[in-house]
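Structure, as structure tokens:
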Amino acid sequence: QEGQVWYNTTSTVLKGFGKQGTGAWASAASIPVGKEYGGQAGTTTAFLSFGGTAPTVDTTFEFDGTTWTAANAMSAPNANAGGTGTQTAALSAGGSAGADNTTEEYDGTSWTAGNARPYAGGYGFIFGTQTAGLTGTGWLGGSSPGQFTTVADYDGTSWTVGTSYPTIVSGTFGSGTATAGIGMAGDDGTASGKGTAANTYDGTTWTSTGAINNGRYQGSAGGAQGACMIVGGQSYGPTTGYDYTEMFDGSTWTEVADLSTDRRVQGWGFSMTAGATTGFLVGGGTTPAGLYQPTYEEWAVPTVIKTFTAT
């Protein structure tokens with residue numbers, strides 16, 4: 001099992017079993033209905049995909065690592081809300097489909113409306129859990145300039161406005177927990193929209209950290225604050241999708257094995273283990289193939305038996 005070590009007293013050899021290397025992406029069974037701008041939560045063997053556009057939908061699908069199963073629909077169609085948590089305790093907040101400040105919780109069977117978030121809008125980051133979540137930044141149609149820096153904490157019942165994000169962005173990436181999170185990149189309002197700034201969060205204060213290598217917005221991110229990944233995304237002028245995958249070690253971003261195809265506007269809330277060793281990404285538009293892709297890609301770091309030098 002992962003983490004196990006053993007020692008042979010005759011040969012005096014110590015070995016251990018665990019993850020080794022940076023990992024790679026692989027394709028697997030497609031989701032029943034292709035879409036973009038959806039929310040997602042869970043793990044590679046207990047995954048949840050909900051909402052999104054194809055056009056705007058309320059559908060929910062569960063994945064057990066092999067098979068997709070249709071589950072109960074959300075209370076209303078929604079997109080750009082984002083998702084976080086687990087398959088049996090997921091959180092959806094905000095959006096841009098006429099339900100901009102709504103909160104919904106999923107218990108593994110049904111969706112239940114929660115208290116309204118204190119601000120409206122979609123295209124922002126979301127991370128944490130159903131009972132300790134954080135959302136922030138984004139865009140609200142009909143306002144000028146539309147982008148905002150508002151951040152709010154969720155305790156499973158109530159929302160509290162938190163410390164504003166230091167950069168005015170939308171289409172922002174985020175991962176981690178409500179007390180050890182990170183926000184990165186996003187549409188920074190420039191002609192290309194290719195924001196590169198990253199900021200860590202300790203539950204109270206945002207602190208600037210190393211910038212990503214390839215600026216972009218509307219992609220996905222996941223993992224822990226000091227061991228996370230940012231995947232896919234797009235830029236303006238003209239609209240271009242990206243296959244970039246970058247990993248963060250707590251100070252520096254490094255480009256690792258990229259996606260098999262460019263993917264933009266995938267599900268908000270990339271599903272990934274805290275150590276960024278497994279995770280997966282559903283749907284998203286591809287270029288130049290088009291929109292509403294039903295395919296997904298799964299990330300995995302290989303497991304190996306490692307021999308330790310003994311003296």
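The values are calculated or read from the model by the stated rules, or taken from the named source; none is laboratory data. What you see is a predicted model; the values in this text were computed from it and never measured. Glycine gets a Cβ as well: all are built from the backbone with ideal geometry, and neighbour counts include every protein chain shown. Heads up: the accessible areas ignore ligands, DNA and RNA and are worked out on the full protein's heavy atoms, side chains in. Shrake-Rupley method; radii C 1.70, N 1.55, O 1.52, S 1.80 Å.
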Of those in the stretch 17-31 that are open to solvent by less than 50 Å² (accessible area, probe 1.4 Å) and part of a loop (DSSP other than H, G, I, E, B), the residue farthest from residue 264 (Cα to Cα) is 23
Scanning the stretch 232-261 residue by residue, those assigned to a strand (DSSP E or B) and at pLDDT 90 or above turn out to be 245, 246, 247, 248, 253, 254, 255
* Tell me, please, whether a residue that is modelled with pLDDT of 90 or more, open to solvent by 10 Å² or more (accessible area, probe 1.4 Å) and closer than 21 Å to residue 130 by Cα can be found in the stretch 187-199. => no
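So is residue 34 farther than 24 Å from residue 160 by Cα, among the small types (Gly, Ala, Ser), assigned to a loop (DSSP other than H, G, I, E, B) and touching a residue at least 60 places away in the same chain (Cβ under 8 Å) or not?
Details: farther than 24 Å from residue 160 by Cα: yes; among the small types (Gly, Ala, Ser): yes; assigned to a loop (DSSP other than H, G, I, E, B): yes; touching a residue at least 60 places away in the same chain (Cβ under 8 Å): yes.
It is true that residue 34 is farther than 24 Å from residue 160 by Cα, among the small types (Gly, Ala, Ser), assigned to a loop (DSSP other than H, G, I, E, B) and touching a residue at least 60 places away in the same chain (Cβ under 8 Å).
Working only within the stretch 79-118, note down all residues that are in a loop (DSSP other than H, G, I, E, B), of a type outside the set (A, V, I, L, M, F, W, C) and under 17 Å from residue 38 (Cβ atoms).
Just the residues of the stretch 79-118 that are in a loop (DSSP other than H, G, I, E, B), to begin with: 79-82, 87-88, 94-102, 107-110, 114-118.
With the extra rule that they be of a type outside the set (A, V, I, L, M, F, W, C), the set shrinks to 80, 82, 87-88, 94-96, 98, 100-102, 107-110, 114-115, 117-118.
80, 82, 87, 94, 95, 96, 98, 100, 102 - these are the residues of the stretch 79-118 that are in a loop (DSSP other than H, G, I, E, B), of a type outside the set (A, V, I, L, M, F, W, C) and under 17 Å from residue 38 (Cβ atoms).
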Taking first residues from the stretch 187-205 that are over 12 Å from residue 170 (Cβ atoms) and second residues anywhere that are among the charged types (D, E, K, R) and at pLDDT below 95, the pairs with Cβ under 7 Å that are 6 or more apart or on different chains are 194/216
Listed by first then second residue, the pairs whose first member lies in the stretch 160-183 and is under 14 Å from residue 127 (Cα atoms), whose partner is outside any strand (DSSP E or B) and aliphatic (A, V, I, L, M), with beta carbons under 6 Å and at least 6 positions apart or on separate chains, are 178/132
Those residues of the stretch 127-139 which are closer than 12 Å to residue 170 by Cα and open to solvent by 40 Å² or more (accessible area, probe 1.4 Å) amount to 139
Restricting the stretch 5-32 to residues that are touching a Gly at 6+ places or on another chain (Cβ under 9 Å) and among the β-branched types (Val, Ile, Thr), the one farthest from residue 57 (Cα to Cα) turns out to be 5
The number of residues in the stretch 46-78 that are open to solvent by 50 Å² or more (accessible area, probe 1.4 Å) and not in a loop (DSSP other than H, G, I, E, B) is 3
Subset of the stretch 24-58, residues among the aromatic types (Phe, Trp, Tyr) and either touching a helix residue (DSSP H, G or I) at 6+ places or on another chain (Cβ under 8 Å) or on the phi < 0 side of the Ramachandran plot (or both), comes to 25, 47, 50
Filtering the stretch 140-161 down to residues that are touching an Asp or Glu at 6+ places or on another chain (Cβ under 8 Å), under 19 Å from residue 92 (Cα atoms) and either acidic (Asp, Glu) or buried (at least 19 other Cβ atoms within 10 Å of the Cβ) (or both) yields 140, 159
The number of residues in the stretch 112-126 that are open to solvent by 20 Å² or more (accessible area, probe 1.4 Å) and in contact (Cβ under 8 Å) with a residue 60 or more places away in the chain is 1
Of those in the stretch 278-300 that are crowded, with 19+ Cβ neighbours inside 10 Å and under 30 Å from residue 6 (Cα atoms), the residue modelled with the lowest pLDDT is 279
Scanning the stretch 226-239 for residues that are farther than 17 Å from residue 180 by Cβ and out of contact with any strand residue (DSSP E or B) (no Cβ under 6 Å at 6 or more places or on another chain) gives 235, 236, 237, 238, 239
Filtering the stretch 166-193 down to residues that are under 18 Å from the mean Cα position of the chain (by Cα) and assigned to a loop (DSSP other than H, G, I, E, B) yields 171, 172, 178, 179
